[in-house]
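Encoded as structure tokens, the structure appears first; notes follow it.
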């Protein structure tokens, strides 16, 4: 089996171009005070509990939901290449667990080309997540990031 194809079959990818320099997009992704402003869907607050931005460092964000429940996002950084790539394990409880997220950054003049991969343990789990609306959820989050970058 081709490992690349197998990984592609387990991966959801979102691509965007942000109208901001890579240094600003990187800052928004790596500094907790910025993450708190965009990491959740519109109307939901993000509380940064832990953000140890280094390989082996852990992160945990809590998003209180309108119904009183908490949505917990947490993981561990496994690879960081400044201004290029952030890889992390990730759990988004209670909806998604055991995934890996790859955030890739590429400068394009004064803009940033951003590619976001969510790698699932199995193709079946990926399909389940697609049906649950993962694209809409992350799309909303990245709209908030885009708005934050425009205001910087």
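The values are calculated or read from the model by the stated rules, or taken from the named source; none is laboratory data. Quick caveat, the model's predicted, so the values are computed rather than measured. As a convention, Cβ positions derive from the backbone with ideal geometry for all residues, glycine included, and neighbour counts pool all protein chains shown.
Of the residues in the range 97-112, not one is in contact with a strand residue (DSSP E or B) (Cβ under 9 Å, 6 or more places away or on another chain), modelled with pLDDT of 95 or more and assigned to a loop (DSSP other than H, G, I, E, B). Checking the structure you have, find out if any residue of the range 46-61 is touching a residue at least 60 places away in the same chain (Cβ under 8 Å), in contact with a helix residue (DSSP H, G or I) (Cβ under 7 Å, 6 or more places away or on another chain), buried (at least 18 other Cβ atoms within 10 Å of the Cβ) and farther than 14 Å from residue 11 by Cα. Among the residues of the range 46-61, not one is touching a residue at least 60 places away in the same chain (Cβ under 8 Å), in contact with a helix residue (DSSP H, G or I) (Cβ under 7 Å, 6 or more places away or on another chain), buried (at least 18 other Cβ atoms within 10 Å of the Cβ) and farther than 14 Å from residue 11 by Cα, which makes the answer no.
Among the residues of the range 64-73, not a single one is in contact with a helix residue (DSSP H, G or I) (Cβ under 9 Å, 6 or more places away or on another chain), farther than 13 Å from residue 145 by Cα and either loosely packed, with under 13 Cβ neighbours inside 10 Å or touching a residue at least 12 places away in the same chain (Cβ under 8 Å) (or both). Tell me, which residue of the range 94-130 that is touching a residue at least 60 places away in the same chain (Cβ under 8 Å) and farther than 26 Å from residue 27 by Cβ is surrounded by the most Cβ atoms within 10 Å (Cβ to Cβ)? Going through the qualifying residues, I end up with 120. Given the structure, is residue 89 closer than 15 Å to residue 57 by Cβ, out of contact with any helix residue (DSSP H, G or I) (no Cβ under 8 Å at 6 or more places or on another chain), assigned to a strand (DSSP E or B) and at pLDDT 95 or above? Here the answer is yes, as residue 89 does meet what is asked. Flag set for residue 141, criterion: closer than 22 Å to residue 17 by Cβ, crowded, with 18+ Cβ neighbours inside 10 Å, within 14 Å of the chain's Cα centre (by Cα) and in contact (Cβ under 8 Å) with a residue 40 or more places away in the chain. Checked against the criteria, residue 16 does not count as over 14 Å from the mean Cα position of the chain (by Cα), surrounded by 15 or more Cβ atoms within 10 Å (Cβ to Cβ) and under 26 Å from residue 125 (Cα atoms).
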